[in-house]
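S.K.: Could you have a look at this structure, given as structure tokens, before my questions?
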Amino acid sequence: MTASIPEITHAWKESSPAYLCLEPLAYSMVHSHNFFEMEFALSGSVNHLINNKVATFRGGDIWFLSPSTVHHFYGDAQHPGVARYLLYFDPTFISNTIWKAIDVHALPFCIHTDGEDFRILQNMFRALLPYADNKFLPRTSFVKWTIEWIILYLFEKRPAPETAPELSQLQPALVYIQSHFRENITVEDVADTVHFSTAHFSRLFHKNMGMSYRDYVLNLRLSYAFSLLYSPDRKVYEACFESGFNSPEYFSRAFKKKFGISPEQHYLDKNPEKRHKIKSDA
């Protein structure tokens with residue numbers, strides 16, 4: 001386990017909105033993102049701890065992850081590693097028409113492909129490789145359309161009820177929230193992304209999400225912090241600030257209200273070997 005849970009970022013070149021590589025994977029640090037990610041396993045298998053749940057990542061699987069995901073991979077004797085495509089992309093590169101067609105709330109999810117479905121998906125990733133320059137993809141129509149096609153493909157293959165029209169209008173806003181929830185974003189900022197007035201956006205958001213914008217962001221931050229605290233080398237105050245909170249006292253109260261346990265106790269429950277360090281973690 002690494003000494004911290006970093007946020008994996010890329011300083012996109014002006015002409016590069018995405019990152020693609022084809023490489024083996026046996027281990028990755030515990031991390032989160034400031035972009036959307038796809039992991040497509042071609043062969044082999046490896047353990048995947050994602051938002052505190054363990055899964056087996058094996059050939060034919062593809063994960064679609066959001067910026068609020070905390071995860072890492074680790075091999076063992078039964079699952080030593082995979083050959084995989086890794087694709088990161090800036091959500092602003094994807095058109096709002098695509099975001100409106102999918103359900104961002106479904107992320108993260110994994111589907112398994114085989115046969116013709118596997119070959120089709122493999123060919124789409126392979127088609128992007130010649131465009132990669134030092135693993136960064138150019139801002140071209142072909143790259144954009146290919147990534148959008150893959151996004152739509154995954155949601156087409158994932159059984160799910162059709163998204164309500166009103167909720168579809170909110171999807172670009174949910175994408176923006178996913179990408180910026182750790183920052184000090186206001187409801188006005190988010191309403192601007194879908195060109196709604198603040199009042200109209202707030203009403204529409206509450207109607208479709210069952211909660212206010214403020215409560216939605218609070219829950220997202222708390223769930224993210226909950227995942228961060230599974231790391232034995234994470235400090236509680238680090239999880240507080242990295243999740244978007246400015247006050248450790250407020251963070252602690254909100255955490256306990258949501259989960260029925262203090263963040264310090266949650267940390268110790270998941271990392272009992274750290275009990276003697278609780279005073280420095282508070």
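S.K.: If only one of Phe241, Phe251, Phe226, Phe196 is open to solvent by less than 10 Å² (accessible area, probe 1.4 Å) and under 23 Å from His180 (Cα atoms), which one is it?
M.R.: Working: Phe241 fails: open to solvent by less than 10 Å² (accessible area, probe 1.4 Å); Phe226 fails: open to solvent by less than 10 Å² (accessible area, probe 1.4 Å); Phe196 fails: open to solvent by less than 10 Å² (accessible area, probe 1.4 Å).
After applying the criteria, what remains is Phe251.
S.K.: So which residues in region 197-235 are farther than 24 Å from His266 by Cα and either outside any helix (DSSP H, G or I) or touching a Pro at 6+ places or on another chain (Cβ under 6 Å) (or both)?
M.R.: Residues satisfying the conditions are Ser197, Gly210, Met211, Ser212.
S.K.: Identify the single condition in (1) modelled with pLDDT under 95; (2) closer than 23 Å to Ser179 by Cβ that Val54 does not satisfy, given that it satisfies every other one.
M.R.: Against the list (1) modelled with pLDDT under 95; (2) closer than 23 Å to Ser179 by Cβ, Val54 comes up short only on (2).
S.K.: Which condition number in (1) open to solvent by 40 Å² or more (accessible area, probe 1.4 Å); (2) within 20 Å of the chain's Cα centre (by Cα); (3) under 23 Å from Glu23 (Cα atoms) is the one that Phe136 fails?
M.R.: In the conditions (1) open to solvent by 40 Å² or more (accessible area, probe 1.4 Å); (2) within 20 Å of the chain's Cα centre (by Cα); (3) under 23 Å from Glu23 (Cα atoms), Phe136 misses (1) alone.
S.K.: Report whether or not Ser43 is over 21 Å from Phe155 (Cα atoms) and among the hydroxyl-bearing types (Ser, Thr, Tyr).
M.R.: Details: over 21 Å from Phe155 (Cα atoms): yes; among the hydroxyl-bearing types (Ser, Thr, Tyr): yes.
It is true that Ser43 is over 21 Å from Phe155 (Cα atoms) and among the hydroxyl-bearing types (Ser, Thr, Tyr).
S.K.: For region 51-70, which positions are open to solvent by less than 30 Å² (accessible area, probe 1.4 Å) and of a type in the set (S, T, N, Q)?
M.R.: Residues satisfying the conditions are Ser66, Ser68, Thr69.
S.K.: Follow-up. Given the conditions (1) surrounded by fewer than 17 Cβ atoms within 10 Å (Cβ to Cβ); (2) modelled with pLDDT of 95 or more; (3) not acidic (Asp, Glu), report the number of the one that Ile147 does not fulfil.
M.R.: The one condition Ile147 does not meet is (1).
S.K.: With over 21 Å from Pro172 (Cβ atoms) and touching a helix residue (DSSP H, G or I) at 6+ places or on another chain (Cβ under 9 Å) as the only criterion, which of Lys270, Lys258 stands out?
M.R.: Numbers: Lys270 fails: touching a helix residue (DSSP H, G or I) at 6+ places or on another chain (Cβ under 9 Å).
Just one listed residue meets the conditions, Lys258.
S.K.: What's the number of the only condition in (1) of a type outside the set (Lys, Arg); (2) open to solvent by less than 30 Å² (accessible area, probe 1.4 Å); (3) more than 30 Å from Ala225 (Cβ to Cβ) that Leu129 fails to meet?
M.R.: Of the numbered conditions (1) of a type outside the set (Lys, Arg); (2) open to solvent by less than 30 Å² (accessible area, probe 1.4 Å); (3) more than 30 Å from Ala225 (Cβ to Cβ), the odd one out for Leu129 is (2).
The values are calculated or read from the model by the stated rules, or taken from the named source; none is laboratory data. Computed from a predicted model, the values in this text were never measured in an experiment. Counting neighbours? That spans all protein chains shown, and the Cβs are built from the backbone with ideal geometry, glycine included. With ligands, DNA and RNA removed, areas are computed over all heavy atoms of the protein, side chains included. Shrake-Rupley method; radii C 1.70, N 1.55, O 1.52, S 1.80 Å.
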